[in-house]
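Peer 1: Shown below is the structure under consideration.
The values are calculated or read from the model by the stated rules, or taken from the named source; none is laboratory data. Fair warning: this is a prediction, and the values are worked out from it, not measured in the lab. Note that we place each Cβ from the backbone using ideal geometry, even for glycine, and neighbour counts take in every protein chain shown. Each accessible area value is taken on the protein alone, full model and side chains, heavy atoms only, with ligands, DNA and RNA left out. Shrake-Rupley method; radii C 1.70, N 1.55, O 1.52, S 1.80 Å.
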Amino acid sequence: MYKFAHKFIFLATLFAALAGWVAYGRADDEIPAAKPFKHAIIFSGLALDFTAYLGLYDAAVEAGKAPDLIIATSGGAVAAGIIAAYPDKNERLAFLESETFFHFMSDLPVTNNRPINFFTRLPRFVPRTYGLAPLTPNLWRKPLSQPPNLAEQVEFDVPFPSDPEGPRVILIAGKLEFCRPNALRIGKKLFTETWMTDPQTGASLAGMASPVGSKFRRSSVLEDAEVRTELSIGEALLASISEPYLFTPAMVGGEEYTGGAIDLWPVELAHTLADDLTLPKLPDLTRTIELAFGSVFEYSNKRRMREVQNTAVTHWVDLEDNREVLKDDSFWFKLEMVKEESDGSRSYVIPRPRVVYTAPATYEGFLERIRLQYNYGYERGLAGLSD
């Protein structure tokens with residue numbers, strides 16, 4: 001009887017140990033892998049009023065929610081590039097108020113100032129927006145402007161930051177998979193979503209698919225994304241700001257890119273890499289810009305924005321009224337009725353519509369404008385991140 005009881009206790013102990021080991025193994029399997037970042041923030045396309053994002057970033061730091069990852073696209077890439085080049089706040093603000101930055105923002109020429117040249121293309125944009133595009137888009141014809149000469153901006157000629165004490169940066173651009181405008185595409189996808197960053201962050205992106213290419217199967221975006229880790233901040237910045245019809249595609253590292261509008265709200269990327277996410281809530285794109293971007297990437301940015309707004313986001317920062325609040329203090333292009341061409345070559349009795357770039361003419365006016373934009377982003381950031 002004693003031997004039987006002894007064996008029973010031994011077997012029961014053994015089975016309990018095995019059950020505990022199996023349970024431990026299952027529990028261990030269910031523990032998700034730690035994400036490489038804690039706090040991510042997205043700087044999306046805010047046209048050329050990206051100074052507001054710099055105010056938002058400083059507000060996040062002050063609120064104790066400093067991002068260790070910035071994902072930026074289009075106009076927001078300039079803000080991310082400035083933070084990467086000047087991680088110190090005082091140095092960053094000194095650069096913002098420098099004459100170097102004044103010329104960077106004020107010297108954009110309007111190379112195609114007659115709006116008729118753009119509006120006559122709008123009817124052709126509509127079928128392209130719905131994926132009905134037998135030909136490749138012509139992204140080289142009559143751009144609105146020319147990008148700033150980033151080769152002369154030595155502050156951006158630096159590698160992507162890899163300091164664990166500062167934020168890592170990912171800039172997004174769309175790589176062209178074609179080289180001829182108006183060529184028969186025969187069902188071929190035309191763009192690859194490209195993530196430009198430092199080597200360590202790039203390793204975390206390996207094998208990830210493009211959210212746009214995966215979700216919008218009829219779009220012109222490939223499902224497979226690409227990671228580049230050898231570029232400088234300036235090269236990646238040029239690729240991300242070279243938006244369709246605004247600038248011609250940028251040649252960077254042997255490839256051509258047409259801007260970050262390929263994915264203006266990369267929330268899936270942020271959720272995969274970081275524990276929580278701060279996302280500015282922006283107004284809808286104008287109908288003209290929606291058609292222009294849709295005609296290139298062949299999916300609806302409006303639908304994409306609606307899906308993003310229903311996504312779990314840790315902190316929303318309300319910038320929906322930026323277009324209204326900053327309308328008189330914006331760096332952007334607008335229509336004006338003019339009586340004389342900007343170069344003085346012709347004058348008119350009846351004013352003609354022309355596209356103009358709304359940069360301040362003086363350094364003092366420039367300082368006032370960027371301070372207004374910075375304070376707007378800073379105050380909205382504190383309001384959205386104060387909880």
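Peer 1: Out of all the residues in region 72-92, which are open to solvent by 50 Å² or more (accessible area, probe 1.4 Å), in contact (Cβ under 8 Å) with a residue 24 or more places away in the chain and farther than 16 Å from PRO159 by Cα?
Peer 2: LYS89
Peer 1: Could you tell me whether PHE101 is in contact with a helix residue (DSSP H, G or I) (Cβ under 9 Å, 6 or more places away or on another chain), under 29 Å from GLU341 (Cβ atoms), buried (at least 16 other Cβ atoms within 10 Å of the Cβ) and not acidic (Asp, Glu)?
Peer 2: So PHE101 passes the test.
Peer 1: Among the residues of region 248-270, count how many are under 16 Å from PRO143 (Cα atoms), open to solvent by less than 10 Å² (accessible area, probe 1.4 Å) and in a loop (DSSP other than H, G, I, E, B).
Peer 2: Looking only at that region, the number is 2.
Peer 1: Quick one: which of ASP163, ASP198 is under 29 Å from LYS65 (Cβ atoms), surrounded by 15 or more Cβ atoms within 10 Å (Cβ to Cβ) and of a type outside the set (S, T, N, Q)? Quick ask: steps written out before the conclusion?
Peer 2: Working: ASP163 fails: surrounded by 15 or more Cβ atoms within 10 Å (Cβ to Cβ).
Answer to the selection: ASP198.
Peer 1: So which residues in region 150-160 are assigned to a loop (DSSP other than H, G, I, E, B) and open to solvent by 90 Å² or more (accessible area, probe 1.4 Å)?
Peer 2: Hit for region 150-160 is ASP157, nothing else.
Peer 1: Given region 287-387, what helices (runs of 4 or more DSSP H) lie entirely inside it while holding 2 or more residues that are of a type in the set (Ser, Thr, Tyr)?
Peer 2: Hits in region 287-387: 287-297, 363-384.
Peer 1: Give me the pairs, please: first residue somewhere in region 134-150 and free of Cβ contacts under 8 Å to residues at least 60 places away in the same chain, second residue anywhere and in a loop (DSSP other than H, G, I, E, B) and aliphatic (A, V, I, L, M), beta-carbon distance under 8 Å, and either six or more positions apart or on two chains.
Peer 2: Going by the 8 Å Cβ cut-off, the qualifying pairs are LEU135/ALA183; THR136/ALA183; THR136/LEU190; PRO148/LEU108.
Peer 1: Based on what the data block shows, is PRO283 surrounded by fewer than 21 Cβ atoms within 10 Å (Cβ to Cβ), touching an Asp or Glu at 6+ places or on another chain (Cβ under 7 Å) and closer than 24 Å to PHE50 by Cβ? Break it down stepwise before answering.
Peer 2: On the way: surrounded by fewer than 21 Cβ atoms within 10 Å (Cβ to Cβ): yes; touching an Asp or Glu at 6+ places or on another chain (Cβ under 7 Å): yes; closer than 24 Å to PHE50 by Cβ: yes.
Here the answer is yes, as PRO283 does meet what is asked.
Peer 1: I'd like to verify a number: residues in region 251-278 that are over 16 Å from the mean Cα position of the chain (by Cα), within 20 Å of PHE297 (Cα to Cα) and of a type in the set (Gly, Ala, Ser), how many?
Peer 2: Total meeting the criteria: 0.
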